[in-house]
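Before any comments, here is the structure.
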Amino acid sequence: MTLTSPTPSLIPVTLLTGYLGSGKTTILNHIMQQAAMADTLVIINEFGEIALDHLMVVHSTDNVVMEMGSGCLCCTIRSDLVKTLQDLTWRFARNGKRQFHRTLIETTGLADPAPIIHTLMADPKITNHYRLDGIVATIDMATGNHTLSTYQEAIKQAAIADCLLLTKADLATSQHKAGLLQRLNVINPAATRWQVVHGQIEAEKLLDLGLFSTQEKTPDVEHWLREEAYLADATHKPGHDAQGHTEDHHYHEYHDDHLHDINRHDDHIRAYCFTTEQPVSKHIYPILLDMLFYMGSNILRIKGIVNIEGNEGPMALHGVQHILHPLIPLPAWPSEDRRSKIVFITRDMERETVEKIFKSITHVPNRN
């Protein structure tokens, strides 16, 4: 089983994504003027032969804004992204000391964020220097319903985000807002949501979204996992059994029949949270890795805290599609609760299928 301990010196990376016209650049303009972003290096991805968005980004003496070349960050220039991140540590250094302590990547609105996340989580040239701190997605409240119904990339952006920024609320009707919020309850019930007016938001709300903060505090497992969001969301959905039991497992499923439309991609997106009181197999990592290899495109994101047999402390689990980050040992349990808890955000997977996966990775006969 592969274990790695978090290194405080790793540079946190925030990924800012969101579909075309949802307000990413406006928000970036606003937060880049704040003190919290003073030591942040920004990488802006452009799509097309002529780059325009970077001309609207605030340039200041405290922030370095770098534009990447033509092409979509999610595919054609992933190798360029690796090289760029490698070069940054010495290109923006003075007297041998790095001049930035955080990086923000703004993707094109057409980008599927998963391949970028794979690079940040799995490429050894990157993981030795950087860590993924959080995924922020912007959603236009006026056109969000149409966008989510039409573009698969928008669904994935919303589904795997840690934080959702709801923009252009002043242009949306009450009905559009209510419908969008209900859909987001299905797609990603645990993501933090902030309503943003004219791009104005405190930069701190977009930072330190992962397990580890730049302040070197104790890992905030409960905030990262947000098990209560799944439980609360299921409880308030009429016509659905909020909780099912099988042996010592509990599951919660999120789907709203009132929003059903055969053309909506998010009818295929469901979130589940499973728990077990029994310590899980010490072979959980290689078994789950095999599972994700074959089913990774249907499991958009997986994260959890697990009690592994023979270990005193908990382990953090995090994966995006077929990429699984090495298990991270945590210094202590966040509470007296010692249950293993795993969250799955899936596409085209029924509860029974995910439950079987959960059982197979948590209850495996010991191997000698």
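Probe of 1.4 angstrom, ligands and nucleic acids ignored: what's the accessible area per residue over the range 84-176, in square angstrom?
Heavy-atom accessible area per residue stands at 38 Å².
Quick one: ranking H146, H101 by accessible area, 1.4 Å probe, largest first, what do you get?
Result, largest first: H146, H101.
Order of 347-354, 187-194 by packing, highest average Cβ count within 10 Å first?
With the highest mean Cβ count within 10 Å placed first, the list reads 187-194, 347-354.
Across the range 187-196, in residue order, what do the Karplus-derived ³J(HN,Hα) couplings come to in whole Hz, using 6.51 cos²θ - 1.76 cosθ + 1.60 with θ = phi - 60° and x for Gly and Pro?
Karplus-based 3J(HN,Hα) across the range 187-196 equals 5, 8, x, 9, 5, 5, 10, 9, 8, 10 Hz.
Please give the peptides 26-36, 11-21 ranked by average Cβ packing (other Cβ atoms within 10 Å per residue), highest first, as a rough proxy for protection.
Values: 26-36: 17.1, 11-21: 23.3.
Descending mean neighbour count gives 11-21, 26-36.
Return the subset of K24/K205; K156/K341; K125/K156; K83/K205; K24/K168; K125/K341 for which the Cα-Cα distance in this structure is over 19 Å, preserving the input order.
K156/K341; K125/K156; K83/K205; K125/K341
Measure off 7 Å from each Cα along the Cα-to-Cβ vector at E309 and E352, then give the distance between these two points in nanometres to one decimal.
Placing both labels 7 Å along Cα→Cβ, they lie 2.8 nm apart.
Expressed in nm to one decimal, what extension gain is obtained for the pair H363 and Q195 from 0.36 nm per residue of sequence separation less their Cα-Cα distance?
Numbers: separation 168, 0.36 × 168 = 60.48 nm, distance 4.17 nm.
Gain on extension, H363 to Q195, equals 56.3 nm.
On the accessible surface of the range 107-210, probed at 1.4 Å, how many percent belong to carbon and sulfur atoms?
Using a 1.4 Å probe with all protein chains present, the range 107-210 comes out at 51 percent carbon and sulfur.
So what J values fall out for the range 180-186 if you push phi through Karplus, 6.51 cos²θ - 1.76 cosθ + 1.60 with θ = phi - 60°, rounded to Hz, Gly and Pro as x?
Per-residue couplings from phi come out as 5, 4, 5, 5, 5, 4, 7 Hz.
Under a Cβ-Cβ cut-off of 11 Å, what is the net charge of the residues other than T167 that fall near it, where Lys and Arg count +1 and Asp and Glu count -1?
Neighbour charge sum, excluding T167 itself: 0.
In nanometres, what is the gap between the two model label sites at H146 and H268, each 7 Å from Cα along Cα-to-Cβ?
2.3
At what distance in nm do the modelled label points of Q33 and S335 sit from each other, each positioned 7 Å from its Cα along Cα→Cβ?
With each label placed 7 Å out from Cα toward Cβ, I get 4.1 nm.
Just check the range 119-166 against the gyration tensor rule for me: Cα atoms, a ≥ b ≥ c as the square roots of the eigenvalues, rounded for a/c under 1.5, and otherwise prolate or oblate depending on whether a/b exceeds b/c. Walk me through the numbers before you get to the answer.
Values: a/c = 4.86, a/b = 2.47, b/c = 1.97.
Since a/c reaches 1.5 and a/b is larger than b/c, the shape of the range 119-166 is classed as prolate.
The values are calculated or read from the model by the stated rules, or taken from the named source; none is laboratory data. Predicted model, so just to flag it, every value in this text is computed and none were measured. Cβ atoms come from the backbone with ideal geometry, glycine included; neighbour counts cover every protein chain shown. Areas reflect the complete protein model, heavy atoms only, side chains present, ligands, DNA and RNA absent. Shrake-Rupley method; radii C 1.70, N 1.55, O 1.52, S 1.80 Å.
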